[in-house]
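Have a look at the structure below before the remarks.
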Amino acid sequence: MHRVGDTGGECLAAQTGVERSPVKIRLIADQAIGETDQRDVDGLGFDVYARVLASAATDTRGPFTIGVFGEWGTGKTSLIRMVERNLSADENVVTVWFNAWRYEQEEHPIVPLVGTIVRALEEHAGLSGRFGEAGRRLVRSLRAIAYGFSAKSKVQVPGFAEFEASFVAKDMIDRNAKLTPDPLLDRSLYFGAFNSLENVKLREDLRVIILIDDLDRCFPDQAIRLLESIKLVLAQPGFIFVLGVARKVVEGYLQHRYSSEYGIADFKGELYLDKIVQLPFHIPPSTNRMAEFCRTLLADQPADLVAELQPVLPSVADALGGNPRAVIRFINNILIDHAISSALPESGEGGIPIRYFAVSRCLEHRWPDVFEALTTSDQLADDVANWTPESYADKALGSGTDSLVATKLVSDRELRQLLTGAQGRDWLTDPVLRQASVSFLVTRQRLSRLDTSEIRIRYDAFVSFPDEDRPIVIEIVERLTEAGVRVYFDEHIPLGARWEEALNTSLDQADTLLYCVGKTTGAATGQLLEYDTVTSRPGFSIIPVILPGANTETLPDALRSRQWLDFRTGVTDSGMKRLISTLHSKSRRG
């Protein structure tokens with residue numbers, strides 16, 4: 001094995017004392033489209049979605065709420081900013097941008113929300129002409145909510161002169177909240193305090209479109225307060241809301257709260273948002289659009305770096321789950337890696353090629369066990385470079401690190417794509433530069449899996465199987481992978497890790513258990529634990545697959561009552577088509 005500074009690293013000859021030119025580094029801002037002058041094109045094809053959503057908002061009378069759903073880092077803010085840009089030219093629309101997270105500390109977030117709407121209405125050029133008296137009445141009604149209304153009364157206090165008592169809306173909310181502290185249950189406060197809005201009638205063609213971003217960055221209880229306010233107060237004719245949220249944040253909080261505080265164990269958190277949001281728009285997966293996205297990100301980079309990165313970066317981006325934010329952070333890290341490497345006096349001219357950092361970092365983040373195997377054995381790395389896809393399954397039947405890597409190549413298309421590309425093959429076959437990149441990342445403490453914490457790889461199925469049936473299960477997994485099904489298969493638990501914790505973490509990445517039943521399934525402790533763990537999870541699907549020699553009488557009653565896939569006579573084409581179709585269908589529903 002060659003390391004930087006070893007006798008095998010002559011190509012990285014020391015140049016101590018050589019004056020080097022400053023390295024120009026142009027990092028990429030993780031800012032939404034329209035929030036920086038660095039990018040005005042998303043590269044993800046969002047322009048079509050933005051135009052359609054903007055048109056739907058202006059053509060719908062309202063009240064109406066559109067939910068833009070997606071995990072953190074998938075581009076919700078960019079899409080909503082692009083919707084805003086498409087609305088800006090319509091004189092019949094007042095567009096309001098509200099960043100919920102900025103008002104995280106506000107106990108009653110409806111107050112700054114309404115204040116933001118008032119400001120946008122007052123700044124709109126057509127308020128007096130197009131909106132007319134109805135617009136002015138709307139402003140007055142909203143002002144009463146935002147800044148307080150006066151409920152003046154004369155109060156006689158013995159021994160004192162008559163005085164005037166004023167009550168502010170926020171104070172009334174505070175007092176009421178002490179009596180009914182649960183914002184999910186309190187309704188009368190809002191109906192009584194804000195009924196003046198009901199008398200405001202905007203023209204049929206006028207719209208107030210409120211775009212609410214970063215709702216999922218608020219504490220969940222605050223997000224619920226704001227959603228309740230929108231539902232109960234601002235659901236008015238002509239009002240359209242566009243909400244950007246990772247719905248699992250809100251749904252998970254509601255499910256936990258109803259279970260822990262109210263003892264309702266089977267409460268379905270997703271039903272709450274379904275009652276508020278009339279159009280759920282889920283941001284589509286970006287994995288098929290990573291090539292164009294990466295071209296967009298690299299547009300301002302030097303030509304030599306683009307030539308190095310463009311061929312490998314789409315594969316890296318797919319391996320990062322197609323998460324735009326994770327890709328930006330990844331590129332910034334390898335730009336810094338390359339710049340430091342190039343500036344070090346012991347590095348050769350130009351330092352370590354940036355594509356080696358890209359492959360090394362990607363493997364370490366996504367497949368740490370494969371990374372460890374390939375960087376501790378030059379022979380294995382060279383062997384893998386010469387494997388063919390047809391040989392993966394046979395090699396996965398063996399033992400040791402060869403089997404580990406082959407198993408991952410069987411079940412993971414992203415790994416196969418990364419290592420079989422030209423840059424991946426260079427990484428595998430050049431031990432000097434491969435180990436130089438790894439040594440740099442380790443000695444300079446540049447490796448950290450926290451750098452890509454946004455990555456949430458989702459799998460269509462978690463495969464549970466008895467060890468002695470590994471050959472036939474590998475055949476099933478290989479055919480699923482070739483059909484584009486994401487399979488979580490045969491993960492190795494790190495030394496010292498708690499088995500049950502590792503299992504739970506793995507199951508968090510999938511929604512379906514492919515439960516392969518063999519001869520020893522009924523006595524296999526590991527398989528039984530996987531089954532028991534899944535049955536305690538609401539919404540987790542189980543598909544039994546009956547393998548040759550299996551005794552179905554030993555199955556738990558809950559499994560025997562399910563429709564199973566019968567492979568007792570071997571894997572069939574018809575059975576695989578049915579399984580692939582079922583898993584694809586479940587994936588689309590997710």
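The values are calculated or read from the model by the stated rules, or taken from the named source; none is laboratory data. All values derive from a computational prediction rather than experimental measurement. Virtual Cβ from ideal backbone geometry, glycine too; neighbours counted across all protein chains shown.
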>> Pull out all pairs, ordered by first then second residue, where Cβ-Cβ is under 9 Å, the residues are six or more apart or on different chains, the first lies in the range 254-279 and is of a type in the set (S, T, Y), and the second is surrounded by 12 or more Cβ atoms within 10 Å (Cβ to Cβ) and in a helix (DSSP H, G or I).
In response: Y272/I224; Y272/L227; Y272/V250; Y272/E251; Y272/L254
> If a residue has to be modelled with pLDDT of 90 or more and loosely packed, with under 14 Cβ neighbours inside 10 Å to count, how many in the range 28-54 make the cut?
Replying inline: 2
> Only one residue in L226, L197 is within 27 Å of Q31 (Cα to Cα), at pLDDT 50 or above and part of a helix (DSSP H, G or I), so which one is that?
Replying inline: L226
> Exactly one of (1) buried (at least 18 other Cβ atoms within 10 Å of the Cβ); (2) in contact (Cβ under 8 Å) with a residue 60 or more places away in the chain; (3) under 17 Å from V312 (Cβ atoms) is unmet by Q417. Its number?
Replying inline: (1)
>> Quick test of your reading of the structure: P314 fulfils all but one of (1) surrounded by fewer than 20 Cβ atoms within 10 Å (Cβ to Cβ); (2) free of Cβ contacts under 8 Å to residues at least 40 places away in the same chain. Name the failing condition by number.
In response: (1)
> Given (1) at pLDDT below 90; (2) crowded, with 20+ Cβ neighbours inside 10 Å, where does L273 come up short, assuming only one miss?
Replying inline: (2)
>> Looking at the range 65-73, can you tell me whether even one residue there is surrounded by fewer than 20 Cβ atoms within 10 Å (Cβ to Cβ), assigned to a helix (DSSP H, G or I) and not basic (K, R)?
In response: no
> Can we say R329 is buried (at least 18 other Cβ atoms within 10 Å of the Cβ), assigned by TED's automatic domain parsing to the domain that holds V432 and among the charged types (D, E, K, R)?
Replying inline: yes
>> With the requirement that a residue be in contact (Cβ under 8 Å) with a residue 40 or more places away in the chain and closer than 15 Å to L363 by Cα, what does the range 420-435 give you?
In response: G421, Q423, G424, R425, D426, W427, L428, R434, Q435
> Does the range 342-354 contain at least one residue that is surrounded by 20 or more Cβ atoms within 10 Å (Cβ to Cβ), closer than 24 Å to G484 by Cα and not assigned by TED's automatic domain parsing to the domain that holds R470?
Replying inline: no
> Among the residues of the range 555-579, which ones are at pLDDT below 95, of a type outside the set (A, V, I, L, M) and part of a helix (DSSP H, G or I)?
Replying inline: D557, R560
> For residues in the range 378-390 being touching a helix residue (DSSP H, G or I) at 6+ places or on another chain (Cβ under 8 Å) and either without any contact (Cβ under 8 Å) to a residue 40 or more places away in the chain or under 19 Å from S411 (Cβ atoms) (or both), which is surrounded by the fewest Cβ atoms within 10 Å (Cβ to Cβ)?
Replying inline: P389
>> Looking at (1) in a loop (DSSP other than H, G, I, E, B); (2) touching a residue at least 12 places away in the same chain (Cβ under 8 Å); (3) in the same structural domain as L309 (by TED's automatic domain parsing), which one does D490 not meet, given that it meets all the others?
In response: (3)
>> If I ask for residues that are outside any loop (DSSP other than H, G, I, E, B) and of a type in the set (V, I, T), which ones from the range 239-279 would you list?
In response: I240, V242, V245, V249, V250, I276
>> Conditions first: (1) crowded, with 17+ Cβ neighbours inside 10 Å; (2) out of contact with any strand residue (DSSP E or B) (no Cβ under 8 Å at 6 or more places or on another chain); (3) in contact (Cβ under 8 Å) with a residue 40 or more places away in the chain. V139 passes all but one, so which condition is the exception?
In response: (3)
>> What pairs come out if I take residues in the range 30-45 that are outside the structural domain of R81 (by TED's automatic domain parsing) and pair them with residues that are modelled with pLDDT under 60 whose C-beta lies under 8 Å away, six or more apart or interchain?
In response: Q31/Q38; Q31/R39; I33/R39; D40/G34
